[in-house]
Every structure is written in structure tokens, then in C-alpha cells.
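Asker: This is the structure I want to talk about, given as C-alpha cells.
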Amino acid sequence: MTVKEVIEGFREGVEETAERNAYASELFQEAIRIGMELNTKYHTPEEIREIMGRLIGKRVDDSFRMFPPFYADFGKNITIGKDVFINSGCHFQDQGGIEIGDGALIGHNVVLATINHDLNPRENRKNHYAPIKIGAHVWIGSNATVLAGVTIGDWAVVAAGAVVTRDVPAMTVVGGVPAKVLKVIQEEVH
């Protein structure tokens with residue numbers, strides 16, 4: 001069993017297997033262990049990048065910056081671009097996949113949630129997964145929540161406290177609950 005096979009198992013319509021569920025449980029526990037290591041003592045920026053690389057299973061660029069604490073319930077389905085900053089207290093629920101573009105800024109206590117639960121009682125709150133894609137140079141304000149299946153376009157801004165339930169166009173500012181476009185960003189020519 002591989003991490004890739006576990007991630008593929010989160011896709012809609014893929015049959016669950018005992019082997020995949022067992023390995024997924026191991027990976028969930030690994031994410032908890034790595035998170036505890038990250039969050040319970042001081043680490044240099046270099047150490048933070050090394051720990052995040054172990055959490056996500058990929059090399060983290062030297063330009064990456066983060067202020068712990070940070071929480072991920074799986075970790076292995078996160079991709080981080082260059083020159084990304086993640087502020088303290090963020091929670092990433094990443095089974096559905098989280099892609100963070102170059103130059104993104106993620107504020108305090110942001111929640112990225114890629115899982116939703118079925119409403120039909122016959123489905124017993126079955127999980128449904130959908131990726132979150134954050135474009136280049138996106139700025140997500142403190143205490144914002146981005147829900148499953150949302151794509152945020154390049155240079156967009158998500159206002160503090162917003163709940164983003166649908167795609168955000170590039171070069172816009174969104175805010176509110178649910179978030180809606182508040183402003184179009186005009187590029188100034190000098």
C-alpha cells in the first residue's frame with residue numbers, strides 16, 4: 001500500500017478496503033505525531049521546513065515560512081508552492097487535497113476543509129472529498145474558512161472571518177458568510 005493509493009481512495013466512488021483504511025489510520029497518527037513535534041517546542045525556520053516536509057511527504061522550498069502551531073489531520077495531500085507564508089493556528093483538513101500557489105499568504109486560524117458529510121441518514125454521514133486550490137499570491141485573512149471544492153484565483157483576497165463556499169475569481173476581494181465578491185482589484189499602471 002502506498003500514500004498515493006490512500007489518497008486515490010478518498011476519491012468519490014472508490015470502494016473502501018480494510019488495507020487502505022488501516023494504512024490511512026497509520027498516516028493520520030503520523031500526522032498527529034509530527035504535529036505534536038512541530039507545536040510543542042521552538043524550532044528554527046529550517047527545522048520548521050524539515051518537519052513540514054515530513055508531514056506533507058514532499059520537500060518544502062527554502063522560501064517557505066510558517067509560525068506554529070499548525071494542524072493537519074492527514075498531511076500527505078498538501079502541496080505548497082514557493083514563497084508561501086502560513087501564520088499561527090491554521091487547521092488543514094487535507095484528505096481531499098490542498099494546493100497552495102506561489103506567494104500565498106494565509107492568516108491566523110484559517111481553516112481549509114476538504115471534507116463534507118452526506119446529509120442523507122441512509123448514508124450515515126459518509127465522507128465526500130473535494131480539493132481546495134489556492135492560486136498564486138492569494139491572501140487569506142485571519143479566521144477565514146475555505147470549504148471543500150473551492151478554487152481561489154490568483155491575486156484574490158479573502159477577508160478575515162469569511163466562509164468561502166464557492167470559487168473565488170482572480171483579482172477580487174471576497175468577504176462575508178457566505179463569502180461574496182466585495183471588490184474587483186484594479187491593477188495600477190505606473
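Since every read-out is calculated from the coordinates, none of them should be taken as a lab result. Here the structure is a predicted model, which is why all the values come from computation and not from measurement. Counting neighbours? That spans all protein chains shown, and the Cβs are built from the backbone with ideal geometry, glycine included.
Asker: Please find, in a Gaussian network model of the chain (springs between Cα atoms separated by less than 10 Å), the residue of 145, 114, 165 whose mean-square fluctuation is greatest.
Answerer: 165
Asker: Further question on the same structure: Taking the Cα atoms of region 23-126, what is the range of coordinates along each of the three principal axes, in descending order and whole Å?
Answerer: Between the extreme Cα coordinates on each principal axis of region 23-126 lie 49, 27, 22 Å.
Asker: Can I ask one more? Dipole of region 29-75, Cα-centred, from +1 at each Lys and Arg C-beta and -1 at each Asp and Glu C-beta, to the nearest 20 debye? Display every interim value, and only then the final one.
Answerer: On the way: 7 positive and 8 negative charges, 7 e Å.
So the magnitude is around 40 debye.
Asker: What's the percent breakdown of Cα-Cα distances in region 82-190 across 5 Å bins, shortest bin first?
Answerer: Each 5 Å bin holds this share of Cα pairs: 3, 13, 22, 25, 17, 9, 6, 3, 1, 0, 0, 0.
Asker: Over all directions, what mean area does the Cα convex hull of the chain project, stated in square nanometres?
Answerer: 11.9 nm²
Asker: For the chain, set up a Gaussian network in which alpha carbons nearer than 10 Å are linked by springs, and say which option among 178, 68, 169 fluctuates the most.
Answerer: Of the options given, 178 has the highest mean-square fluctuation.
Asker: Using the Cα centre as the reference, give the magnitude of the dipole from point charges on the C-beta atoms of the chain (Lys, Arg: +1; Asp, Glu: -1; all else neutral), rounded to the nearest 20 debye.
Answerer: 380 debye
Asker: Same structure again: Suppose R0 equals 25 Å. What FRET efficiency, 1/(1 + (r/R0)^6) with r the Cβ-Cβ distance, do residue 39 and residue 142 give to the nearest 0.05? All intermediate terms of the calculation are to be shown ahead of the outcome.
Answerer: On the way: r = 18 Å, r/R0 = 0.74.
Working from the Cβ atoms, E equals 0.85.
Asker: Whole-Å semi-axes of region 131-180's equivalent ellipsoid, largest first, each the root of 5 times a Cα gyration tensor eigenvalue?
Answerer: 14, 12, 9
Asker: For residue 187, put the label point 7 Å out on the Cα→Cβ axis and report which residues of region 82-97 keep their amide N under 16 Å from it.
Answerer: Answer for this model: none.
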